[in-house]
1. Restricting the search to the stretch 5-19, which residues are at pLDDT below 90 and within 12 Å of GLU32 (Cβ to Cβ)?
2. Does ALA60 qualify as being among the small types (Gly, Ala, Ser), surrounded by 10 or more Cβ atoms within 10 Å (Cβ to Cβ) and under 21 Å from ALA3 (Cβ atoms)?
Amino acid sequence: MDADPRHVNAVAGWREAPFFDERERAALEWAELVTGMPHSDPGDKAFARLRKQFSEEEIAELGFVIATINAWNLLNASFRNPVPEQV
């Protein structure tokens with residue numbers, strides 16, 4: 001599946017972007033909430049929104065994806081890797 005460049009470029013502003021569907025919004029909200037743990041609790045309402053869009057298996061997969069990306073970000077920051085000027 002190819003990522004829509006609009007989506008990739010607008011992830012940081014997903015709440016304001018009109019083109020994310022409810023499933024994408026639920027996943028992005030959950031990713032933000034889980035990333036904020038343990039300093040905040042995602043809460044039952046957010047989990048209920050997630051459950052409306054995803055099966056238990058998909059929620060588990062999403063959780064592992066979120067954890068993996070967070071691990072990469074933590075490692076990258078701890079290694080003091082500079083952001084490349086060009087891709």
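1. Once the filter is applied, which keeps residues that are at pLDDT below 90 and within 12 Å of GLU32 (Cβ to Cβ), the stretch 5-19 yields VAL11, ALA12.
2. No, not satisfied.
The values are calculated or read from the model by the stated rules, or taken from the named source; none is laboratory data. If you're wondering where the values come from, they're calculated on a predicted model, not measured in any experiment. Cβ atoms come from the backbone with ideal geometry, glycine included; neighbour counts cover every protein chain shown.
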